Amino acid sequence: MIPVLWVVATVVFFMVRFVPGGPFDQEKALPEAVKAQLETHYGLDRPLSAQYARYLGNLLCGDLGPSYKYPGWTVNELIGERAKVSAELGFWALLVAVLAGVPAGALAAMRPNTWTDHVPTALATLGVCVPTFVLGPLLILVFALGLGWFHPLGWETWQDRVLPALALGLVFAAPVARLTRGSMLEVRNQDYMRTAKAKGLGVGRVYFVHGLRNALLPVVTYLGPATAGMISGSFVVESMFNIPGLGKLFVQSAFDREYTMICGTVLFYAVALLVLNLVVDVLLVLLNPRLKFS
């Protein structure tokens, strides 16, 4: 993980420096004396190599640097505040993806080439094709503006969380359903499944207890990077529903060319992805008795 994070930090550090403009460039240009004082205060007047060395030294101490856009705040503090919102949104979206995708895929695999297979498969295919920036406005139009069941904007009450979670979770529920269906079709012909049926166990117990545990292995493998994608890719949903999360902050920092915030959010997403991949590896060992932690 350490070499990967070092490469990510290095690439992002130099990329944002080579982009035209700077963190203090505004529509109304600052006086040159004021801009020079700001660059001196934040160390941006030093050679690029010195800035890079200082940046790596601060990273080793867990310091992501100050915020140029919000004076008096550090990047650590802003990410800590906004990450809670993005993590909650990612949790609800993951819940939607699992609760909608796994049962739909298992139901489709129980009776292949019937209407119980065609309907979930068609819906899953449609979900793969519809991106969040299309699904979100449709949900707002129908359930917020049309029916008035939920709120279209904000992050205060439970009504504010439903539509963003659906917009983000249903997009990932479609691949989960397809993976579950394919895995269940392979598992249903295994010897232990036929043995369970021969012992007189019910169809529901055979499929959803004995078969689903092994069929979930590729699903769990997919959910690791998918969860990171829900957190890191939520900037579209957060901007659409006006949610004060980390994704919206990342987009704004890119427009503001705020070097420290861009590097900090990218590193946060990289750490989240690596940690989630580690959690997936542990879960795979727990679900599959043939695997060992060693």
Return the total of residues in the stretch 240-280 being among the acidic types (Asp, Glu) and either touching a Ser or Thr at 6+ places or on another chain (Cβ under 9 Å) or modelled with pLDDT of 80 or more (or both).
-> 1
Filter result (of a type outside the set (Phe, Trp, Tyr) and more than 14 Å from TYR259 (Cβ to Cβ)) within the stretch 65-77 | PRO71, GLY72, ASN76, GLU77
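May I ask you to list the residues in the stretch 61-83 that are part of a loop (DSSP other than H, G, I, E, B) and basic (Lys, Arg)?
Narrowing the stretch 61-83 to residues part of a loop (DSSP other than H, G, I, E, B): 61-65, 67-73.
Within the stretch 61-83, LYS69 is the sole residue that qualifies.
So for the stretch 165-178 (the condition being crowded, with 16+ Cβ neighbours inside 10 Å, out of contact with any strand residue (DSSP E or B) (no Cβ under 9 Å at 6 or more places or on another chain), at pLDDT below 80 and in a helix (DSSP H, G or I)), does at least one residue qualify?
Scanning the stretch 165-178, I find no residue that is crowded, with 16+ Cβ neighbours inside 10 Å, out of contact with any strand residue (DSSP E or B) (no Cβ under 9 Å at 6 or more places or on another chain), at pLDDT below 80 and in a helix (DSSP H, G or I), so the answer is no.
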Since ASP191 meets every condition but one in (1) at pLDDT below 75; (2) surrounded by 13 or more Cβ atoms within 10 Å (Cβ to Cβ), which condition does it not meet?
-> (2)
Is it true that PRO244 is surrounded by fewer than 19 Cβ atoms within 10 Å (Cβ to Cβ), under 15 Å from the mean Cα position of the chain (by Cα) and not β-branched (Val, Ile, Thr)?
-> no
May I ask you to say which residue of VAL16, VAL7 is out of contact with any helix residue (DSSP H, G or I) (no Cβ under 9 Å at 6 or more places or on another chain), closer than 23 Å to VAL251 by Cα and in a helix (DSSP H, G or I)?
-> VAL7
How many residues are loosely packed, with under 15 Cβ neighbours inside 10 Å and either in contact with a helix residue (DSSP H, G or I) (Cβ under 6 Å, 6 or more places away or on another chain) or in a helix (DSSP H, G or I) (or both) if we restrict to the stretch 138-154?
-> 7
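The values are calculated or read from the model by the stated rules, or taken from the named source; none is laboratory data. Computed from a prediction, not measured in an experiment: that's the story for all the values here. Backbone-built Cβ (ideal geometry, glycine too); neighbour counts: all protein chains shown.
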